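Asker: Here's a structure for you.
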Amino acid sequence: MIKILFICLGNICRSPMAEFVFKDLVRKQGLEQNFIINSAATSTEEIGNTMHYGTRRKLEEKGIPYTEHTARQLIKKDYEKYDYLIGMEEKNIKNIIRIIGEDNKNKVFRLLDFTDKPKDIADPWYTGNFDITYNEISKGCIALLEYCKNKLLKA
């Protein structure tokens, strides 16, 4: 079982998008029994709010199912609960470390670190561009799933 927590600033745009894109990829490959997938925020700004309408619209446009989502904040205990804490940008990584303490088990990554072009994924809350965000999250999720499948094969 691989437990993944996707993390962004508010848990209403990028991290829930990554959560549902990854769940869809896993479902399409019949691997649901191998994963626990969730998302969280580093800030308290959006706690209790639902997914951003731009994220919902993009998931619907791409035919990716999603469930009701309420933003929640990352807590220190999440570090022990999850195998991977996947941030969207370097600022998220710094805030993840601030919340969890230290990453002594090497669980914290940016999503695009799993691709051949590691970089930050810009926040569409500020850019307004959910197309670019979706494309980058999709590439990152595909690469992360390949990485995880290799881990499952070795287990």
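Any read-out appearing in this document is the output of simple, stated calculations on the displayed coordinates, not a laboratory observation. All values reported here derive from a predicted model rather than from experimental measurement. We place every Cβ from the backbone using ideal geometry, glycine too, and count neighbours over all the protein chains shown.
Asker: Using a cut-off of under 18 Å, list every residue of region 2-17 whose amide N is near the label point 7 Å from the Cα of Tyr126 along the Cα-to-beta-carbon line.
Answerer: It comes to 7-16, nothing else.
Asker: Turning to a different aspect of this structure: If each DSSP helix of 4+ residues adds -39,500 (n - 2.57) and the sum is divided by the residues in the chain, what number results at 222 nm, nearest 500 deg cm²/dmol?
Answerer: About -13500 deg cm²/dmol.
Asker: Provide the descending list of Cα extents for the chain along its principal axes, expressed in whole angstroms.
Answerer: On the principal axes, the chain reaches 40, 35, 30 Å in Cα extent.
Asker: Mind checking the full-extension length gain between Glu32 and Ile47? Use 0.36 nm per residue of separation minus the Cα-Cα distance, one decimal, nm.
Answerer: My answer for the length gained is 2.7 nm.
Asker: Is region 70-155 rounded, prolate or oblate when judged by the Cα gyration tensor, a ≥ b ≥ c being the square roots of its eigenvalues, rounded requiring a/c under 1.5 and prolate requiring a/b larger than b/c?
Answerer: Verdict is oblate for region 70-155.
Asker: List the GluC sites (Glu not before Pro) within region 23-82 that DSSP assigns to loop and that have no more than 15 neighbouring Cβ atoms inside 10 Å.
Answerer: Qualifying residues, ordered by number: Glu45, Glu68.
Asker: Of the options Ala41, Cys141, Gly128, report the single residue whose Cα projects farthest towards the positive end of the charge dipole of the chain (beta-carbon charges: Lys, Arg +1; Asp, Glu -1).
Answerer: Cys141
Asker: Over the chain, what is the relative contact order in whole percent, taking alpha-carbon pairs under 8 Å and six or more residues apart?
Answerer: It comes to 27 percent, rounded to a whole number.
Asker: Give me the distance in nm between label points sitting 7 Å out from Cα along the Cα-to-Cβ direction at Lys81 and Leu152, one decimal.
Answerer: 2.2
Asker: What do you get for trypsin sites (Lys or Arg not before Pro) in region 89-155 restricted to DSSP loop and a cutoff of at most 14 other Cβ within 10 Å of the site's Cβ?
Answerer: Qualifying residues, ordered by number: Lys105, Lys119.
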